[in-house]
Amino acid sequence: MKAKPIIDTFEKYGYEAYFVGGAVRDYLLGEPIGDIDIATNATPTETLSIFEKTVPVGIEHGTVLVLHGNEGYEVTTYRVESDYSDFRRPESVTFVRSLTEDLARRDFTINAIAMHPSEQLIDPFNGQADLHNQLISTVGLAEERFSEDALRMMRAVRFCSQLDFTVTETVKQAIKTYHHLLQNIAVERIQVEWFKLFAGKNVKQGLDMLLETKMYESLPLLKDEHNVIQRLSDHVKSSIKHPEVVLALLSLLSDSWTLSDWVKAYRCSNQQKREANELVKAFKIYQINGITNQLLYQLGRNRFSQFLELLQQFEFYEWSLKGLESMYNQLPIHSRKDMAIEGNQLLNLRPDKQKGPWIGEYLQLIERMILSGELLNQYEAIERQVKQWKTQEND
Ligand code: ATP
Ligand code: MG
């Protein structure tokens, strides 16, 4: 356990500190561990004073990043959240001295287990039983916890997919009643959970939960889109780690909204939009022609794993990353720079023509012919071709 020395240091100075949250849950499940979070009874100022390398990332929420080895660990002072207003984040946080109070503010029992490096567990809400039964249940009353912070409903569904768990009947009923409160939540927070849902182990389970509780009605752009969620649920065959692939899939499966609509509604970046757009274009070419040199060239090596993820959702399993890469390596050119001719050389070959858009069109045509194998990527061969076009034009 790489973060043990941090806990040791706290204890050396007379404080308590425990691993908490997702890392403990995933450790107990035998899953790969993501970020490690630590909770302590030391105040942020005390934490800053006992560690050499720290970053005060969120002092007002009690969070300090402690750097150790090459990694940063989020250390948060035991706290409770109070004064929830309009179902969003709490107005203020209050530091408390007891671990149990801190665990009580957490969303689900499986996320409210603390662990000491000695592997001793502090589990006041029986999270271990829910881990064992693969159940998502809230700490305290679901209705209360969801009306305090509506994002928790989205998190519940996300965990169904991520962990391949189900929600308890009580949680399901509460989501049915309260999902409309999600409309008050910042889209950026919803977006995080939305993409984590698609990256999970059992995406279909998460999507079916959206349908069953009708929670999709409270998500951006999905109010009247029962069909889209149903189609997603029918299509998604494996977890989708890349948000761009989710965007591409959404735009391919939806009749009412374009890629731009999805990008805007979920506040995605321009980069994600560009990549999703390339994927959609490539997918449409693939449906007609299969894998061609032109398609590999247009996509580029860096997008192959995304493209494969998209193909899999449509049950095209015949390609592997290695396969695509080796075909790609054999392409005669990998970019315009590799072409044995440039714009000015074309101009020299056609002294009868003025500079103009024809140059770009010729280059594109030559590029295509080189990729399809109709033309060798050699200056002399291209020169011959250009001269032939000239005679044809003059005939
Ligand atoms: P993962 O990191 O796998 O996405 P996680 O459970 O670690 O899952 P985080 O968003 O990193 O999720 O939050 C860390 C911990 O903080 C959670 O395990 C939970 O205890 C608590 N938590 C996070 N969001 C909320 C929330 N909206 N309400 C209450 N507790 C929360
Ligand atoms: Mg986490």
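Of the residues that make up the range 72-91, is at least one surrounded by 14 or more Cβ atoms within 10 Å (Cβ to Cβ), assigned to a helix (DSSP H, G or I) and within 16 Å of ligand 2 (Cβ to nearest atom)? Checked against the condition, which is being surrounded by 14 or more Cβ atoms within 10 Å (Cβ to Cβ), assigned to a helix (DSSP H, G or I) and within 16 Å of ligand 2 (Cβ to nearest atom), the range 72-91 yields no hits at all. When the range 287-344 is limited to residues that are over 30 Å from residue 355 (Cα atoms) and of a type in the set (Lys, Arg), the one that is nearest to the chain's Cα centre (by Cα) turns out to be 303.
The lone criterion from (1) outside the structural domain of residue 179 (by TED's automatic domain parsing); (2) at pLDDT 95 or above; (3) surrounded by 15 or more Cβ atoms within 10 Å (Cβ to Cβ) left unmet by residue 120 is number (3).
Do any strands (runs of 3 or more DSSP E) entirely within the range 1-66 hold 2 or more residues that are surrounded by 17 or more Cβ atoms within 10 Å (Cβ to Cβ), and if so, which? Full working, then the answer.
Values: elements: 17-20, 37-40, 54-58.
Fully inside the range 1-66 and qualifying: 17-20, 37-40.
Between 208, 107, the distinction of being on the phi < 0 side of the Ramachandran plot, surrounded by 17 or more Cβ atoms within 10 Å (Cβ to Cβ) and more than 16 Å from ligand 2 (Cβ to nearest atom) belongs to 208 only. In the set 74, 60, 16, 11, only one residue is within 13 Å of ligand 1 (Cβ to nearest atom) and of a type outside the set (Phe, Trp, Tyr); that residue is 74. Residues that are surrounded by 21 or more Cβ atoms within 10 Å (Cβ to Cβ) and in a loop (DSSP other than H, G, I, E, B) were ranked within the range 150-173; the one that is nearest to ligand 2 (Cβ to nearest atom) is 165.
Within the range 29-49, residues that are free of Cβ contacts under 8 Å to residues at least 24 places away in the same chain sit with their Cβ atoms under 8 Å from residues that are in a helix (DSSP H, G or I) and more than 10 Å from ligand 1 (Cβ to nearest atom), at 6+ positions apart or across chains, in these pairs: 33/27. Being of a type in the set (Ser, Thr, Tyr) and at pLDDT below 95 is true of residue 82. Counting the residues of the range 228-250 that are free of Cβ contacts under 8 Å to residues at least 40 places away in the same chain and of a type outside the set (Asp, Glu) gives 8.
The values are calculated or read from the model by the stated rules, or taken from the named source; none is laboratory data. Note that the coordinates shown come from a computational prediction; the quantities given were computed from them, not determined experimentally. Note that each Cβ is placed from the backbone with ideal geometry, even for glycine, and that neighbours are counted across all protein chains shown.
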